[in-house]
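Reading through the structure tokens given below for one structure.
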Amino acid sequence: MADVKTIFGRYGDHAGDAGKQDRLWQDLVWEVFSKEAVTFEEQLSLFHRVYEGRPEEAGPPFVYWPTKERVERSNVWREMRRKGIEEYRAFHKWSRTERAAFWARTIDALGIRFRTPPDRILDDAKGTEDPVWLPGARLNIVESCFKAEEDAIAVVYGDERSDKLEEVTYKELRRRVDRFTNGLQETGMEAGAAVALYMPMDLHCVVAYLGCIQAGYRVISIADSFSPPEIKSRLEIGGADAIVTVDTFLRGGKEVALYDKVKEAGAPRAIIIPADPATPPALREGDILWDDFLSDGDTAEAVACGPYDVTNVLFSSGTTGTPKAIPWTHLTPIKAAMDGWLHQDIQAGDRVAWPTNIGWMMGPWLIYAALINKATMAIYGGVPTSEGFCRFVERAGVTMLGVVPAIVRVWRNEGRAEGCDWSKVKVYSSTGESSEREDYLWLMSRSRYQAPIIEYCGGTEIGGGHITGTVVQPASPATFSTPALGLDLVILDEAGNEVPEGGMGEIFLVPPAIGLSQRLLNRDHHEEYYKDCPRGPKGEVLRRHGDEMRRLHRGFYQAEGRADDTMNLGGIKVSSLELERVMDHHEAVFASAAVAVRPEGGGSDRLVVFVVPAEEAEPDKDALKKELQAMVRKELNPLYKISDLEVVEGLPRTASNKIMRRKLRDRYQEEHAAATPGQ
């Protein structure tokens, strides 16, 4: 290793001096990490040494600084220059204060195709809760997915069975989509019919998704992990007229049967993709195989629609109760594409991978963010935590890699990415559960800190993110650096006051923005998002979202989980994530979940912890509880007390990888209905 002592010597006593700390880390990156093989453990040790005693007002420790060349290659910088704005925060201010102008420029830059151009961009005569975007327009958003050169690669696909890759050009993808569209229209289904997709995210899925929307139909998105009752409820809520599924597919070497579940759910007529065309499954009466369904006609006309016509019905997270049905329209993809363009910096020819599913919003998001931006979707059929996926990232030449924290943790802990060359990755992006700093420092170290992690938090009802980052700003692992362009937010405490730097509160969005939902299929939209919301600091109408966020110094933010995952222990407000961040550092803990349980008969909330052990052997429960208790008291507050600890094989998660703490709480209360958690 280069003379690290000399580099530290340049800055003398750097503890507590943020400027020295930032410059010292930059010198280590450019003079050591970028030139020599340095183990991550050594880098982590140096990171802690550099940033020791960093004052809170200095903001989080920066590990990525955009170079001048990187900035000037970025989409957002080009848009800033086009507008004549030199500084990012001024650009964001313009995007939220002149929203119609921002979205007009965005629609133009993205090349959104219209059959009939809109009369104007925004009509907010009815108020910001129910604006009218693009009045008078006619379009089909699928046409905006095919603006790239015909011979450009639209999809690169690989799976766990081999290292072979399949590449499909935009011309070939369009031909396949047109054949599916014609096949749908030949069934005689009426305009606006609904077709469910219950299948893994693969090339067939992309074809079916775009083919349905091009035909003027609605897609009902169903995660391929759902059981027959969960499938049935979503088919009924969405009013499905047909379903596309697979017979079976491989995941982690295990065969997963979907068509059997479709039949058990009593689904309508099905289009089935056989695992082996030579031995197709026995079909129900009226069902049809994929190849027999496709039309011979390989050109189709996209059906012109209004901006608010429904293209996709997605469902809120959760597997209990009635899921919230959120419709996407021809407007929503514009938001997804904008985020990919300006926040993830997706450019023509980039290769974009994000392990996801069509049942989660990131599935449709990936389709639009890649194709509208003339990039390539990189899709893998298999387990994303596997070595196979890590090799796929290299072989497919992925340039923008989307992740969720649980996947990164496995890559790091199990060494799955060792020996893989990810030098083409220029941007990482993360969504789902809140990130862990050390895991994400490890991920950034793979690019020698030249590829930032764009944290990305939002929701299905937003069509993308509400808070995120950019490649033109410094990045610190597990933090956000900006609200998303084109909208604004405020963070309020329980009294309705805007929180100061260092404070934590609940996020409220300031509408309007393209992408924000304006109705739900099975709930009252106003009650869900606007009823009883406080007014903003300037009297603005606010929209509830439900995320807790800490406002850090220097314009950064840190996620603190959902508002309903915040508990009050001994009169002190604390989020589940704060507790879990501490406990997850215990060597015996692979993952943890903290929930507040109210004892029968009332009384103060009791902290119950669920632990997935790091080793197969079950740990000593009492000893582990005492050790975690000591860590929580030392790192957070001496008044916090763990009332009970449960060792579990896994934590229930949504399709978007969020821990379902409410399900854990409900299960615990059912099992301990006659007892109060230990004192």
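The values are calculated or read from the model by the stated rules, or taken from the named source; none is laboratory data. Owing to the predicted nature of the structure, the values given are computational and were not obtained by experimental measurement. We place every Cβ from the backbone using ideal geometry, glycine too, and count neighbours over all the protein chains shown.
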Starting from the range 637-666, keep only residues that are more than 20 Å from Val582 (Cβ to Cβ), then list their pairs with residues that are surrounded by fewer than 16 Cβ atoms within 10 Å (Cβ to Cβ) and of a type in the set (D, E, K, R) whose Cβ atoms are within a distance under 8 Å, requiring at least 6 positions of separation or different chains.
-> Arg662/Asp564
Expected output for the range 138-150 (first residue in contact (Cβ under 8 Å) with a residue 12 or more places away in the chain and hydrophobic (A, V, I, L, M, F, W, C), partner buried (at least 20 other Cβ atoms within 10 Å of the Cβ) and part of a strand (DSSP E or B), Cβ below 7 Å, 6+ apart or cross-chain) is Leu139/Cys305; Ile141/Thr311
Here the residues within the range 106-117 that are out of contact with any helix residue (DSSP H, G or I) (no Cβ under 6 Å at 6 or more places or on another chain) and part of a loop (DSSP other than H, G, I, E, B) are Gly111, Phe114, Arg115, Pro117
Evaluate the following for Ile271: is it under 26 Å from the mean Cα position of the chain (by Cα), part of a strand (DSSP E or B) and buried (at least 22 other Cβ atoms within 10 Å of the Cβ)?
-> no
Within the range 42-76, which residues are under 19 Å from Val427 (Cα atoms) and among the aliphatic types (A, V, I, L, M)?
-> Val63, Val71, Val76
Exactly one of Leu521, Leu516 is surrounded by fewer than 22 Cβ atoms within 10 Å (Cβ to Cβ) and in the same structural domain as Val310 (by TED's automatic domain parsing), and that residue is Leu521
Any chance the range 73-84 includes a residue that's part of a helix (DSSP H, G or I), β-branched (Val, Ile, Thr), touching a residue at least 12 places away in the same chain (Cβ under 8 Å) and surrounded by 12 or more Cβ atoms within 10 Å (Cβ to Cβ)?
-> yes
Could you look through the range 466-484, keep only residues that are more than 17 Å from His545 (Cβ to Cβ) and aliphatic (A, V, I, L, M), and pick out the one that is surrounded by the most Cβ atoms within 10 Å (Cβ to Cβ)?
-> Ala475
Subset tally (residues that are surrounded by fewer than 18 Cβ atoms within 10 Å (Cβ to Cβ) and part of a loop (DSSP other than H, G, I, E, B)) for the range 130-152 | 8
So Arg120, is it part of a loop (DSSP other than H, G, I, E, B), of a type outside the set (Val, Ile, Thr), over 19 Å from Ile453 (Cα atoms) and touching a helix residue (DSSP H, G or I) at 6+ places or on another chain (Cβ under 7 Å) = no
Looking at the range 572-598, which of its residues are closer than 19 Å to Glu494 by Cβ, assigned to a strand (DSSP E or B) and at pLDDT 75 or above?
-> Val574, Ser575, Ala596
Quick one: how many residues across the range 218-252 are assigned to a helix (DSSP H, G or I), touching a Phe, Trp or Tyr at 6+ places or on another chain (Cβ under 7 Å) and hydrophobic (A, V, I, L, M, F, W, C)?
-> 1
State whether the residues of the range 92-105 include one that is in a loop (DSSP other than H, G, I, E, B), surrounded by 19 or more Cβ atoms within 10 Å (Cβ to Cβ) and touching a residue at least 60 places away in the same chain (Cβ under 8 Å).
-> no
Could you tell me whether the range 266-280 includes any residue that is in contact with a strand residue (DSSP E or B) (Cβ under 8 Å, 6 or more places away or on another chain) and closer than 19 Å to Pro355 by Cα?
-> no
Hits in the range 556-571 - residues which are small (Gly, Ala, Ser) and at pLDDT below 70 | Gly570, Gly571
Kindly indicate whether Glu418 is over 30 Å from Glu98 (Cβ atoms), touching a residue at least 60 places away in the same chain (Cβ under 8 Å) and of a type in the set (Asp, Glu).
-> no
So how many residues does the range 572-597 have that are over 19 Å from Val612 (Cβ atoms) and either free of Cβ contacts under 8 Å to residues at least 24 places away in the same chain or of a type in the set (Ser, Thr, Tyr) (or both)?
-> 1
Within the range 153-178, which residues are among the charged types (D, E, K, R) and either assigned to a strand (DSSP E or B) or under 30 Å from Pro384 (Cβ atoms) (or both)?
-> Asp159, Glu160, Arg161, Asp163, Lys164, Glu166, Glu167, Lys171, Glu172, Arg174, Arg175, Arg176
Counting only residues that are closer than 20 Å to Asp345 by Cα and without any contact (Cβ under 8 Å) to a residue 60 or more places away in the chain, which one in the range 376-395 is surrounded by the fewest Cβ atoms within 10 Å (Cβ to Cβ)?
-> Glu394
Matching residues in the range 221-241 - criterion: being in contact (Cβ under 8 Å) with a residue 40 or more places away in the chain and either of a type in the set (Lys, Arg) or in contact with a Leu (Cβ under 7 Å, 6 or more places away or on another chain) (or both) = Ser221, Ile222, Asp224, Arg234, Ile237
